[in-house]
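Below you'll find the structure, written out as structure tokens, and then a few comments.
The values are calculated or read from the model by the stated rules, or taken from the named source; none is laboratory data. Computed from a predicted structure; not experimentally measured. Virtual Cβ from ideal backbone geometry, glycine too; neighbours counted across all protein chains shown. Areas reflect the complete protein model, heavy atoms only, side chains present, ligands, DNA and RNA absent. Shrake-Rupley method; radii C 1.70, N 1.55, O 1.52, S 1.80 Å.
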Amino acid sequence: DSLALSTEGRSQLGGSIKKEESGMSSKAAIDAKANRILFFGIDEEPGKSQLNLYEFNSKFQAIQDNDGLVQVTILGLGLMYDFAVTDNYAVFVQPALKVNGMQYMISKEPGKSISLENESSMIHIVARPGNRNAGKATTFQIPYDGNPESNIEFINSYEEDDGTIVFDAIRYISTNSGVAGSNQW
């Protein structure tokens, strides 16, 4: 009904979102073991982005550890729409993008000023707010095989006993990329 779909203006989720202009993704990840839900947001800055990872308890209140928030600076435009979580980490894939600032100034249309580059994407592994290493991030390049990783959909993720992070994902493969089969990174 219209009441269930209505909104009452802006929300900063009880102070969890520190800046009113900060965005928050529409994607959530559920940690069923800990009975928590995680969201992320990106604050863009010239040449870099700030990745904000939020973690809430079963009552949709920020967890006490680190006020339920970790912030990580990443290089470039952080245009990400999906992520995965394990017991201790969140995993993000950042495609290589080129931003034409002049085009944006002229058109005011972000979609016309951003282009996907044919080069390696980055994986960011971020320690969750409740983790003893909260906010620590490890970043590495995905080997480029002719197909940029811009449309990754995470299906499952977990940590093995030795700490290895494993995730399953669906990746879009362009019909003209020459890429076939699956890759193990």
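Quick notes on this structure:
- When each of SER113, SER107 is tested for being exposed (fewer than 13 other Cβ atoms within 10 Å of the Cβ), of a type in the set (Ser, Thr, Tyr) and over 16 Å from the mean Cα position of the chain (by Cα), the lone residue that passes is SER107.
- Search result, residues across segment 120-155 that are more than 20 Å from PRO95 (Cβ to Cβ) and open to solvent by less than 70 Å² (accessible area, probe 1.4 Å): ALA127, ARG128, PRO129, GLY130, ASN131, ASN133, ALA134, GLY135
- Close pairs from segment 32-52: first in a strand (DSSP E or B), partner open to solvent by 70 Å² or more (accessible area, probe 1.4 Å), Cβ under 6 Å, at least 6 apart: ILE37/ILE30; LYS48/THR73; LYS48/LEU75; GLN50/GLN71; GLN50/THR73; ASN52/GLN71
- Filter pass, VAL85 being at pLDDT below 85 and among the β-branched types (Val, Ile, Thr): no
- For segment 156-174, a residue qualifies if it is open to solvent by 60 Å² or more (accessible area, probe 1.4 Å), assigned to a strand (DSSP E or B) and touching a Ser or Thr at 6+ places or on another chain (Cβ under 8 Å), and the qualifying residues are TYR158, ASP168.
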